Amino acid sequence: MTPAHITKSPLAQPLVLFLFGRMGSSIAFQMLGVAVGWQMYALTSSAWYLGLVGLAQFLPMVLLTLVAGHAADRYDRRTIARTCQFVEALAAAVLVLGGSYHWLGKEALLAVMCVIGSARAFEYPTMHALVPRLVPREHLPRALALSASANQTATIVGPAIGGLLYAAGVTTVYSTISVLFLAACILISCIRPSDTLTTEATADRSLFAGISFIKQHPVVLGAISLDLFAVLLGGATALLPIYARDILITGPWGLGLLRSAPAAGALGMSLWLARRPLKRRVGRIMFGAVAVFGVATIVFALSRSFFLSMAALVVLGAADVISVVIRSSLVQIETPDEMRGRVSAVNSLFIGTSNQLGEFESGATAALFGTVPSVLIGGIGTLLVVGLWIRLFPQLAQVDTLGKR
C-alpha cells in the first residue's frame, strides 16, 4: 500500500490540512533561523551569541514542556496548536517593527526568540500528539513519514527563501515569516471538529505521568535518549554562519543552501520511507543511521570544499530522518492516546529541544576550542554514544518491526 492510499481515507482532509499547516509553520521557523542567525552574527561576530540564540529557545521548552503535555491531553489539540502559531506570527511582527524603526539589537532578538521558544514548547508536542488521530493505526508509520517529508520540504525551502529575502532587507524576511505563521494558524483551524479529534479523559492526570511511562518502557526511553545525545553532540547548525562566512567563504545565499542541505537528504529519504516503510530489523537500522550521522558530521567538520560540505550535510540529513521516523513510530505506537500529549512533551524535551541545546553546546565549545574542533568533537561523541546505547538498551537494538504495540 502506497502513501496515496492514506489520502483516500475519510480522514484525508484533516491529514492534508495538518501537513500543509505544519509545512507553513516549519518554513517560517527555518527562515527565522537563517535571518536571526545571520543578523546576530552580523551584530556581534560572536559564536557565543549564536549559541545564546539556541539557549533562548531551549530554556522556555525546559520550563514549560510538562505543562504543555498536560494541556495537550486535557484540551483541544487544534486550539493549542493554532494559538501557538498565532503568537509566533505576532512575535515575527515585532521583529518587523524593530527592523523598520532600527531598534532591533541583540537583546531584542534574544527576547523574541524566547517568546517563540515558549510557543513552540506547546506547539511541538501538541502537533505530534495530533497525528495518530488523523489516520488509522496501521497507516501511522507512513503518515509520520509524510509528516517528516512535509517538515523536510519546509526545511529545504525555508532557509533558501530566508537567505534570499534577507538580502532584500530584514523587514521583508520577517514580514514573510509572520504571514506564514498566520497561514499555518488558519490551516489548523480548518480541521473540522469530530469525535476522533478530541482528547479523552484519562484516569491518570498527573503532570509527571509521561515521565513515569517512559521510565517503565526501555524501548521508548532508549529511542528518545539516543537521539537527544546524538543530536546534542553532533549538531553543528548553530555554527553554519561561521562556516559560510569564514571557512567556506560564501554569503547569505550560501548559508541558506547549507541549512537546506540536510533537509534535502531528509526529504528524499522520508519520501522513500513513506513509499517503502521499514519492515524488519528497525532497531539495528536506527543505530546504524545515527552512526552514519556521526561520520557525516566528522566529514563536514574537516571539509574546506563547499560542495563536499553540502554532500556531507545531505547524508547527515538522510541518516537523521531514518532515526526520526523509526523513533517517532515506536513512541506513538507504544503510547496510548490519552498519554500521547505528555509523552510527546517529554519527547520534545529530549528530542525537539536537543537542536537548540546542541546549538548552545556548539557555540560554547567553539568559543573555547574553535569552530572546527567543536564540530569534530561532536561527531566523534555521536559515535561513542551509539556504542554505549547498544550496551545500555539491548531491547532497542533487538526491535524487529513497527506497527505492533
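At a glance:
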{"read-out": "GNM result for the chain, Cα springs below 10 Å: residue of 176, 153, 44 fluctuating most strongly", "value": "44"}
{"read-out": "Structure-derived Rg and Dmax of the Cα atoms in Å: which label, when the choices are [x] 20.8, 68; [y] 20.7, 78; [z] 19.8, 58", "value": "[z]"}
{"read-out": "Where labels lie 7 Å past Cα in the beta-carbon direction, separation of residue 304 and residue 272 in nm", "value": "3.2"}
{"read-out": "Spatial separation of Cα centroids for the range 279-300 and the range 22-92, in angstrom", "value": "28"}
{"read-out": "Carbon and sulfur %, accessible surface of the chain computed with the full protein complex present, 1.4 Å", "value": "68"}
{"read-out": "Relative contact order of the chain, pairs being alpha-carbon contacts under 8 Å that are 6 or more residues apart, as %", "value": "29"}
{"read-out": "Difference of contour (0.36 nm per residue) and Cα-Cα distance, residue 384 to residue 179", "value": "69.5 nm"}
{"read-out": "Choice from 152, 216, 57 showing the highest fluctuation, given a GNM over the chain with Cα pairs closer than 10 Å", "value": "216"}
{"read-out": "Euclidean distance of C-alpha centroids, the range 364-401 and the range 235-274, integer Å", "value": "20"}
{"read-out": "Mean residue ellipticity (222 nm) of the chain, computed from DSSP H runs ≥ 4 via -39,500 (n - 2.57), nearest 500", "value": "-26500 deg cm²/dmol"}
{"read-out": "Point-charge dipole on Cβ atoms (K/R +1, D/E -1) for the chain, about Cα centre, debye to 20", "value": "940"}
{"read-out": "Dipole of the chain, positive direction: furthest Cα of 46, 237, 383, with charges on the beta-carbon", "value": "383"}
{"read-out": "Exposure of residue 79 as accessible area (Å², to 10), given a probe of 1.4 Å and all protein chains", "value": "50"}
{"read-out": "Using a Förster distance of 22 Å, the FRET efficiency for residue 337-residue 192 (Cβ separation, nearest 0.05)", "value": "0.70"}
{"read-out": "Distance histogram for the range 277-352 (every C-alpha pair counted, 5 angstrom bins, percent rounded to whole numbers)", "value": "3, 15, 19, 17, 17, 13, 8, 5, 2, 1"}
{"read-out": "Computed log₁₀ I(q)/I(0) - Debye formula, equal Cα scatterers, no solvent, the range 7-104, q 0.12, 0.24 Å⁻¹", "value": "-0.56, -1.36"}
{"read-out": "Whole-number accessible area per residue in Å² for the range 289-338, which is evaluated in the context of all protein chains at 1.4 Å", "value": "31"}
{"read-out": "Rounded, prolate or oblate (a/c below 1.5 giving rounded, otherwise prolate when a/b exceeds b/c) for the range 208-287 by Cα gyration tensor", "value": "oblate"}
{"read-out": "Per residue, in Å², the accessible surface of the range 1-128 once ligands and nucleic acids are set aside, probe 1.4 Å", "value": "39"}
{"read-out": "Extension gain, residue 392 back to residue 79 (0.36 nm per residue minus Cα-Cα distance, nm)", "value": "108.7 nm"}
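The values are calculated or read from the model by the stated rules, or taken from the named source; none is laboratory data. Computed from a predicted model, the values in this text were never measured in an experiment. We place every Cβ from the backbone using ideal geometry, glycine too, and count neighbours over all the protein chains shown. These accessible areas exclude ligands, DNA and RNA; they are computed on the full protein's heavy atoms, side chains included. Shrake-Rupley method; radii C 1.70, N 1.55, O 1.52, S 1.80 Å.
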